[in-house]
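Worksheet: one structure, shown below.
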Amino acid sequence: MSKNDNASTNGRPRGRPRLTIDRDAVADAVAELFHEGGYEAVSIVDTAEKLSVSRATLYRTVPTKQDLVGILFERNTREIDEKFRVAIRDIADPAECLKELVRLQMDAAVQMRYSMPVFFGGGELPGDVIQRWHGWSRRFEKMWLSVVEANMEAGYIERGDPVITTRLILGMILWVSRWYRSNEKITSEQIAEEAVRLLRLGYVPPGTAQRKSGASQRRRRNSSR
């Protein structure tokens with residue numbers, strides 16, 4: 001058997017080892033491990049196996065398990081941030097914009113349900129990632145807040161404390177990651193529609209139109225006197 005044949009029997013081609021690893025590929029591998037077995041399933045060894053690289057190669061890019069989780073966390077927050085900014089920029093109507101944010105956040109809660117507890121616990125993230133998370137979460141809440149305030153101003157949501165309202169909406173959606181079960185055959189779209197219904201966007205109580213009409217008629221009669 002030739003040296004080349006010997007080299008091929010271990011499943012890895014001969015040549016220089018890979019020196020760089022795509023961080024999005026790392027994030028995909030870590031997400032798969034979370035899905036398969038939760039936080040305990042995430043490791044350098046198993047991530048390297050999914051990426052088809054040696055442990056030594058992965059160690060040069062990602063030295064710890066916490067760093068693996070940090071890469072997934074930052075990729076997820078970046079993607080959510082980009083989608084939200086596009087929705088706020090492109091959707092002029094406040095109610096439609098809020099509906100889209102609910103749908104996007106609900107989809108993220110369902111897709112990230114295996115890793116969400118770790119992310120919000122924060123204890124398993126590197127210190128520098130936690131610092132960036134605090135800054136990102138404040139900016140993210142401000143995006144939500146701007147849309148909630150616009151809906152209150154337009155009359156789509158009853159006026160109240162916009163910060164509390166924003167946090168209640170976010171809390172409602174994020175909690176889905178704790179109770180969602182795929183075997184119940186409920187989709188994130190269905191849950192989002194129910195959440196929108198609970199928000200009563202644009203809801204006009206029965207009789208409101210008639211009361212407004214009567215008030216306008218009285219104003220016209222008074223002005224004609």
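Rule-based calculations on the coordinates, nothing more; no lab input. Note that this is a predicted model, so its numbers are computed, not measured. Every residue, glycine among them, receives a Cβ derived from its backbone with ideal geometry; neighbour counts consider all protein chains shown.
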Roughly what % of Cα-Cα distances in region 65-204 sit above 19 Å, to the whole percent?
53
Restricting to DSSP loop positions (anything but H, G, I, E, B) with no more than 12 other Cβ atoms inside 10 Å of their own Cβ, which trypsin sites (Lys or Arg not before Pro) remain in region 98-192?
R159, R181, K185
Test of understanding: ordering M172, M112, M106 by Cβ neighbours within 10 Å, fewest first, what list do you get?
M172, M112, M106
Fewest to most Cβ atoms within 10 Å: W144, W179, W133 sort as W179, W133, W144
Residue separation times 0.36 nm, minus the C-alpha to C-alpha distance between D90 and K50: what's the value?
10.6 nm
Take the cross-link list K65/K99; K65/K185; K99/K185 and give me the ones stretching past 25 Å between alpha-carbons.
K65/K99; K65/K185
So for R0 = 25 Å, FRET eff. of D128-E184 from the Cβ-Cβ r, to 0.05, ends up at 0.05
Simple label model, 7 Å out from Cα along Cβ direction - E158 to M172, nm:
1.2
